Amino acid sequence: NIKYDGREYPDAMIYSGAAEDFSGTNYPQWGVFPVDSNKIVMDSESGAITALAISGDMILQFRQNTMYLIDASDIVSASLENKYLGLGVHGSWAVAETPYGIAWVNDVGVYSYDKDGGGVKSLTIGRLDSGDMQAASPHANTKIGYDDRAKMLIITNNTKKAVDGYHYAYSYITDSWCTWDTNKGYAPKSNLLMNHNGYLTGATRSSTNLIVSQWSTAAQAAAAVT
């Protein structure tokens with residue numbers, strides 16, 4: 001979100017370049033400070049922007065309840081490609097970049113944007129009920145990450161690490177879901193990010209210590225599978 005000159009713009013994006021000079025043309029003289037010429041605003045009926053993601057020339061602009069797919073191939077005249085009601089997120093921790101596109105989790109499920117095909121689809125409809133995907137408010141810090149070694153999406157919630165039903169894994173290899181409730185005590189407190197080795201990484205807290213760990217596909221305990 002943007003605030004300058006004493007005014008807040010919760011539904012605006014700004015862009016900047018590398019000091020290109022297009023004076024005398026329709027293109028703005030890009031800079032690091034926001035002005036009307038380098039501000040992109042879609043309609044604000046869906047509230048404030050909660051997260052942004054980019055895939056090729058497309059910007060996925062998330063509000064709490066809506067996702068705007070914006071074509072930014074011509075940044076001066078960025079246009080709304082599509083608007084997806086019900087596909088918003090609570091914050092950037094609920095969005096993950098993968099080699100296949102963008103994935104995100106919200107109150108009722110997990111979704112993906114295919115960077116090659118350009119389509120948006122649900123990864124949970126017909127597989128997990130919205131009640132099973134217990135990411136709803138007030139548990140708005142349910143987070144998602146991508147592990148490249150295992151080719152998996154990991155969904156978890158640290159504030160609910162003692163409760164079953166908040167810890168899921170999706171495999172791009174088998175196109176299937178499982179839970180990891182047995183190991184839920186390891187749910188990271190931090191956001192989830194992929195490190196330089198391709199491992200999904202998060203931090204748990206022990207007393208005053210922050211312990212950074214990598215996601216592992218090795219089973220830690222035997223568990224019944226549903």
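A short reminder: the numbers here are calculations on the coordinates, not readings from a lab. Everything quoted here is computed from the prediction, not taken from an experiment. Positions of Cβ are backbone-derived with ideal geometry, glycine not excepted, and every protein chain shown enters the neighbour counts.
What is the Rg over Rh value, at two decimals, for the stretch 91-216, using alpha-carbon atoms and the Kirkwood definition of Rh? Don't skip to the end; give the middle numbers.
Details: Rg = 13.8 Å, Rh = 14.6 Å.
Radius of gyration relative to Kirkwood radius: 0.94.
Pull up the cross-link candidates among the lysines for residue 39, meaning alpha carbon to alpha carbon under 28 Å and not fewer than 8 places away within one chain.
Cross-link targets: 3, 83, 115.
Give me, ordered by chain and number, the residues 5 or more places off residue 63 or on other chains with an amide H under 5 Å from its own placed amide H.
50, 68, 89
Residue 189: which aspartates and glutamates have alpha carbons under 20 Å from its alpha carbon, excluding same-chain residues fewer than 8 sequence positions away?
Result set, ordered by chain and number: 97, 107, 147, 164, 181.
Give me, ordered by chain and number, the residues 5 or more places off residue 14 or on other chains with an amide H under 5 Å from its own placed amide H.
Those qualifying (amide H under 5 Å, at least 5 residues apart or on another chain) are 40.
What FRET efficiency do you get for residue 218 and residue 84 if R0 is 25 Å and r is their Cβ-Cβ distance, rounded to the nearest 0.05? Mind showing how you got there, number by number?
Values: r = 37 Å, r/R0 = 1.47.
Rounded to the nearest 0.05, the efficiency is 0.10.
HN-Hα J couplings of the stretch 85-96 from phi, Karplus 6.51/-1.76/1.60, θ = phi - 60°, integer Hz, Gly and Pro as x?
5, x, 10, x, 9, 7, x, 5, 5, 9, 10, 9
Can you list the lysines whose alpha carbon sits under 16 Å from that of residue 184, skipping same-chain ones fewer than 8 residues off?
Answer for residue 184, where 16 Å is the Cα cut-off: 143, 160, 161, listed by chain and number.
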